[in-house]
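First the structure, in the form of structure tokens, and then the observations on it.
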Amino acid sequence: MVPMTIDTGNTGFMLICAALVLLMTPGLAFFYGGLVGRKNVLAIMMQSFVSMGLTTVLWYAYGYSLCFSGGEHGVIGNLDMAFLHGVDLMSPSPANNTIPTFVFVAYQLMFVIITPALITGAFAHRVSFKAYLLFLIGWLTLVYFPFVHMVWGGGLLHDWGVLDFAGGIVVHNIAGMAALASVLFVGKRAVKDSGAHNVPFVALGAGLLWFGWFGFNAGSEFRVDGVTALAFLNTQMGAAFGGMTWLIVEWMSVGKPKVLGFLTGAVAGLATITPAAGYVSPASAMAIGVAAGIVCYYAVALKNILKWDDALDVWGVHGVGGLLGVVLLGVFASAAYNPGTNVNGLIFGNAGFFGVQLMAVVFSSVWAFALTYAMLWVINKLTPVIINKMEAERGLDESLHGEAAYLEA
């Protein structure tokens, strides 16, 4: 066996990207924490932070193996690499043989951490902490790990020819559809929350998410080359045009430019460009950002009309944004901007690829919704999922954790 030759540039870059993606989870905690009332700040932040711990345990024990070993052409891997069995200092990464597997494991772990944390914004103020822990374990095992394997681990969707540069299906679409299933299962809040109590927290969180997203998207090339630079630039294009479009649409609708509107639009743009970041031109990234700002804004408006109590608009921003990005990748993909895949989209005459992307996102949406709803039903048989009205009135910080974010004057 020829020893692996480590490329220190690629390896160093990927370690930095892994750290950037990890930073997104505390950023999400601040983003969500600012959007809820003063009595529920710590509870929702805790759900993000505990994912950094429990998810790491699951990933090391069996998650990485289920995603990236065995089971080619299927929906899940095997346990051959459980507890990182067989991985040593010189094991080459499956994505790029010039970086160690340990780096690949760490980078992919950061994606695992943030994905279920995204869902928590939908059922804010309603779910017990014990039920959330069970949900975290079940959802990763039955939804997230299979889709990583199917898309990035050589499984079923990979065989179909599906492309997803950094997680339009694997992260945003399935998290958003799981959020919708969660909202429909737990129902409306028994006690109305006072709403965003700290908009500067939201801005800080959005800034950390935006910053970390460069590692999320550019790092998904797993090396430093022209596509890495393209993905980096396209990330900025998606965020900027998404934020500005949402700002303008909302301004025209309500008569004032909203800080929360711009920040939400930027996150929607980031979610939507994610699957396409390394496959489309900057001009196409601009169009995708604009589409994100419009479509996700009206998806949230539709949610309000239908009276779905998705507290922090996870479905409208991540579920719809991820779906839209995967479909628009089927439209705008250009072999000129990623010669390695040599795939063109619908506007370049490849209707077949567009059809594959469309089928994939329908499949992922149905799987994530159905499995999430069924899982919550099972968990509710083991322990109550929904908190009672008395706990809601006291606030989850006090009733679930015995702590307070703010001391009363």
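The values are calculated or read from the model by the stated rules, or taken from the named source; none is laboratory data. Predicted model only: the values in this text are computed from it and were never measured. Virtual Cβ from ideal backbone geometry, glycine too; neighbours counted across all protein chains shown. Side chains included, ligands, DNA and RNA excluded: accessible areas come from the protein's heavy atoms. Shrake-Rupley method; radii C 1.70, N 1.55, O 1.52, S 1.80 Å.
In segment 63-92, what residues are touching a Ser or Thr at 6+ places or on another chain (Cβ under 7 Å) and either assigned to a helix (DSSP H, G or I) or open to solvent by 60 Å² or more (accessible area, probe 1.4 Å) (or both)? Give the derivation first.
Taking segment 63-92 as the starting set, the residues that turn out to be touching a Ser or Thr at 6+ places or on another chain (Cβ under 7 Å) are 77-82, 87, 91-92.
L79, D80, A82, listed by residue number.
Return yes when L28 is modelled with pLDDT of 95 or more, out of contact with any strand residue (DSSP E or B) (no Cβ under 8 Å at 6 or more places or on another chain) and farther than 20 Å from L136 by Cβ and no when it is not.
no
Select from segment 151-173 the residues that are part of a helix (DSSP H, G or I), open to solvent by less than 10 Å² (accessible area, probe 1.4 Å) and touching a Gly at 6+ places or on another chain (Cβ under 8 Å) and list them in ascending order.
If the condition is that a residue be part of a helix (DSSP H, G or I), open to solvent by less than 10 Å² (accessible area, probe 1.4 Å) and touching a Gly at 6+ places or on another chain (Cβ under 8 Å), then G168, I169, V171, H172, N173 are the ones that fit.
If you go through segment 193-201 one residue at a time, do you hit one that is at pLDDT below 95, open to solvent by 40 Å² or more (accessible area, probe 1.4 Å), within 18 Å of A268 (Cβ to Cβ) and out of contact with any strand residue (DSSP E or B) (no Cβ under 9 Å at 6 or more places or on another chain)?
yes
Testing K130 on (1) more than 21 Å from the chain's Cα centre (by Cα); (2) in a loop (DSSP other than H, G, I, E, B); (3) within 20 Å of D397 (Cα to Cα), one condition comes back false. Which one is that?
For K130, the failing item is (2).
So Y60 clears everything in (1) in a helix (DSSP H, G or I); (2) farther than 22 Å from V151 by Cβ; (3) of a type in the set (S, T, Y) except one condition, right? Which one?
(2)
Contact list please: Cβ distance under 9 Å, first residue in segment 160-189 and within 20 Å of S220 (Cα to Cα), second residue of a type in the set (S, T, Y) and modelled with pLDDT under 95, pairs at least six apart or on different chains.
As it stands, the answer is L163/T341, since those pairs meet every condition given.
Would you pick out the residues in segment 96-106 that are out of contact with any Ser or Thr (no Cβ under 9 Å at 6 or more places or on another chain) and either open to solvent by 50 Å² or more (accessible area, probe 1.4 Å) or farther than 15 Å from A61 by Cα (or both)?
The answer is N96, and nothing else.
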